[in-house]
Each structure stands twice: as structure tokens, then as C-alpha cells.
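The values are calculated or read from the model by the stated rules, or taken from the named source; none is laboratory data. Computed from a prediction, not measured in an experiment: that's the story for all the values here. FYI the Cβ positions are ideal-geometry reconstructions off the backbone, even for glycines, and counts take in every protein chain you see. These area figures cover heavy atoms from the full protein model, side chains too; ligands, DNA and RNA do not enter into them. Shrake-Rupley method; radii C 1.70, N 1.55, O 1.52, S 1.80 Å.
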Amino acid sequence: MVVDTSQSADLRIRFLGTADAYPNHGRYNSCIAIETEVATYLLDCGEPCTASLVRAGIDPNIVRSVFVTHAHSDHITGLPTLVDTARQNRVGEPVRVYLPRSAVEGIAAYLALVGTPHKALHAIGPGEIYDDGSVQVEAHVTKHTQESYGFVIHHGQKRIVYSGDLKEAGEVAHLYDGADAVITELAHFEPDELGAALKDCRIGKLFVTHINHHMMARKEEIGTSLQRRLGTIPVHIAYDGLVVDL
């Protein structure tokens, strides 16, 4: 299903993995593609991101950069296949992977262990971490782990905020106001807490992903409740295969 594609857009969000830490039927681990007119970027790289790209008709070799919020397995275990695919078939520079500084050494060892050594690993910290002339990415500290981040992605005048995993629903809510799209998790707190955190924010569209598997049976109810509370903000419960043009 595609949302809001009635007009040509130069910025597209494609949800490839929307489960929490436990994949379930129809939902894989965390991975979101940001597509522009010149390149594709990934937010997190849970498995099986490369297969999901192929199934969506996207050549994995056009993925320019990957931005990893934190080093939990459901956000990184798609990296070996992506890196290996790029190494075998890519012309030009390797896919660049941006991840928390504390994770670089371990991820490098992990990739080498499974036969996909990769040198294009870049340590990140708070602030602007990336600018290739098409997109700019800022990293903002979250409380989920010892070192974890949410990301703000700029493309022209458009802004996407990706919460990554959080400890508290409102810890990066100051970033949401005025965003064209907010992508937030719902695995580590209750829907009412999310609604309270967002109630004063001006958001173009809200996408709820990474929903706790214990809540999945009532995801429609959660979406309806959030929509009622947030009023004019369009609320979407994300799912694998959802495509949104901004």
C-alpha cells in the first residue's frame, strides 16, 4: 500500500521492517529506507533488510549510507548481507555505515567474523553527522542504552524525525514540533504516554513503528485512540511495505 503518492515527490519513506525485537508474521526487524531523487539511505539495518529491498524492487547497491541508532541485534543483524552484496556487486565507494562510537569496534569484529569485513564504519556522536548535499542527518542522544541516538533527516525544506528506541516517550519530543513526518517507536512505553508526549506538537504525519509484540493484537485500537487524542495529526500504524511520499 502507498500513502500520499498522488503527486510526484522527491522524498519517500519506505518501511522495510516494523517489528519490535521479535519478528512476527509480516513484520521484520527495524529498517526504514529514505529515498531521494539521487540516493537511498537506511535507518537501522535489522534483518532481512537486503531481501526486503530486493522484494521492493530496490537495488541494494544504490544504498549510499546506513544510520544505526544503537547496537541491539534487531537493528544491526542485516548489515552482513547488505555489506556483502555491496562488496560483490557495487561499483565505486562502499556503503557507509554510521553508528555509535562505542559500537564500532564490536560491529567491525562481528562483520569480520561472518566473512564480511568492512572498513567504511563511521563513529557518530551528538550533532550533525552527515551531509552529502542531498540529505543532512543530525544525531540526538536517547536514553535507551548507554549510547543510543534518534535521527533528524533534512532534505531541502523537509524534515523527518526518527526516534530510534527510547526509554521514555517524550525524551526527544522537542524535535518533533514542525516536522513533516515523525517516526516513533512504541515498544518501551504505553500508548497513553506517547499521546501525552505528542499532544502539543505540530506534526505533518505520525508513523508508529516498532510496536511491542504484546500490543500487536490491539494495534488498530491504539491507532484510533492516538488519532482521537492528537486530533488533526494524521496517525499511521506502520507496517512492512508501507510507502509514503512527502
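Numbers below:
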{"quantity": "Estimated FRET transfer efficiency when R0 is 41 angstrom, pair residue 114-residue 243 (beta carbons, to 0.05)", "calculated": "0.85"}
{"quantity": "Spacing of the two label points (7 Å from each Cα toward its C-beta) at residue 213 and residue 56, in nm", "calculated": "2.3"}
{"quantity": "Rg [Å, one decimal], Dmax [Å, integer] - the stretch 107-246, C-alpha atoms", "calculated": "16.4, 50"}
{"quantity": "Descending Cα extents along the principal axes, the stretch 57-125, whole Å", "calculated": "30, 23, 21"}
{"quantity": "Length added when fully stretched, residue 24-residue 229, from 0.36 nm per residue minus Cα-Cα", "calculated": "71.0 nm"}
{"quantity": "Cα long-axis angle, helix 219-230 against the chain (0 to 90 degrees, to the nearest 10)", "calculated": "60"}
{"quantity": "Set of aspartates and glutamates near residue 167 by C-alpha distance (under 16 Å), chain-local residues within fewer than 8 positions excluded", "calculated": "20, 147, 185, 190, 192, 193"}
{"quantity": "Beta bridges by DSSP in the stretch 26-124, antiparallel share as percent, to the nearest 5", "calculated": "25"}
{"quantity": "In sequence order, calculated HN-Hα J values of the stretch 110-121 (Karplus, 6.51, -1.76, 1.60; Hz; x Gly/Pro)", "calculated": "4, 5, 5, 4, 8, x, 10, x, 9, 9, 8, 9"}
{"quantity": "Cα→Cβ-extended label distance, 7 Å offset, between residue 39 and residue 167, nm", "calculated": "3.3"}
{"quantity": "Among 52, 68, 98 - extreme Cα towards positive end, dipole of the stretch 32-116, charges at beta-carbon", "calculated": "98"}
{"quantity": "Residues whose placed amide H lies under 5 Å from that of residue 122, excluding near-sequence neighbours", "calculated": "97, 98, 99"}
{"quantity": "Under 17 Å from residue 158, Cα to Cα: aspartates and glutamates that are on another chain or at least 8 residues apart", "calculated": "4, 10, 35, 37, 128, 131, 132, 138, 177, 180, 245"}
{"quantity": "Answer label, with Rg/Rh (Cα atoms, Kirkwood Rh) calculated from the coordinates and candidates (1) 1.27; (2) 0.94; (3) 0.97", "calculated": "(2)"}
{"quantity": "Residues in the stretch 167-192 reached by a label modelled at residue 134 [backbone nitrogen below 13 Å; 7 Å Cα→Cβ]", "calculated": "none"}
{"quantity": "Residue order for 98, 176, 22 - accessible surface, 1.4 angstrom probe, largest first", "calculated": "22, 98, 176"}
{"quantity": "Mean Cβ neighbour count within 10 Å, used as a protection proxy, ranking 213-219, 57-63, 43-49 highest first", "calculated": "43-49, 57-63, 213-219"}
{"quantity": "Sequence-distant residues sharing a close amide H with residue 168 (under 5 Å, placed H)", "calculated": "143"}
{"quantity": "Beta bridge orientation in the stretch 97-220: antiparallel %, DSSP, nearest 5", "calculated": "55"}
{"quantity": "Value of Rg to Rh for the stretch 101-159 (Rh from inverse mean 1/r over Cα pairs, i.e. Kirkwood)", "calculated": "1.06"}
{"quantity": "Amide H contacts of residue 20 (H built 1.01 Å from N, under 5 Å, at least 5 apart or other chain)", "calculated": "211, 213"}
